[in-house]
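Here is the structure we will look at.
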Amino acid sequence: MFRLINKCIVAKDGWDILRTNHEGTFKVRMSKQQLLTTKFENLMMKDDESIKDFHMIILDIVNGSSALGEKMGFRWACHFYG
């Protein structure tokens, strides 16, 4: 990681490089967010699935979205299921 930013003079330049390296470009982040949103919209609990397993799937989607900077709160969920 240090090799990526060792020539940066301004901290913001280094931060931008690290962010792009970790999260991807804007197009990649939007694509990932769209995939997570679609996953959430199509989410249905299977007959043989426990509540704990279903909860873990939801947490995985929400945490992935949060890592991309999108907050998926109660109001967001109500938009699809309300």
(request) Can you tell me how much longer the chain between Met45 and Met30 gets when fully stretched, taken as 0.36 nm per residue apart minus their C-alpha distance, in nm with one decimal? (result) 2.8 nm
(request) Taking the dipole about the Cα centre of the range 2-81, with the C-beta of Lys and Arg at +1 and of Asp and Glu at -1, give me whichever of Ser50, Ile5, Thr37 is farthest to the positive side. (result) Ile5
(request) Check cross-link reach from Lys7 to the lysines: straight Cα distance under 25 Å, and skip same-chain residues fewer than eight apart. (result) none
(request) Return a whole-number percent for the relative contact order of the range 2-81, with Cα pairs under 8 Å and 6 or more residues apart as the contact set. (result) 24 percent
(request) Taking the Cα centre of the range 2-81 as origin, work out the dipole magnitude from +1 charges on Lys and Arg Cβ and -1 charges on Asp and Glu Cβ, in debye rounded to 20. (result) 500 debye
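Throughout, read-outs are computed from the coordinates displayed, never taken from laboratory work. Predicted, not measured: the structure shown is a model, and the values here were computed from it. Note that we place each Cβ from the backbone using ideal geometry, even for glycine, and neighbour counts take in every protein chain shown.
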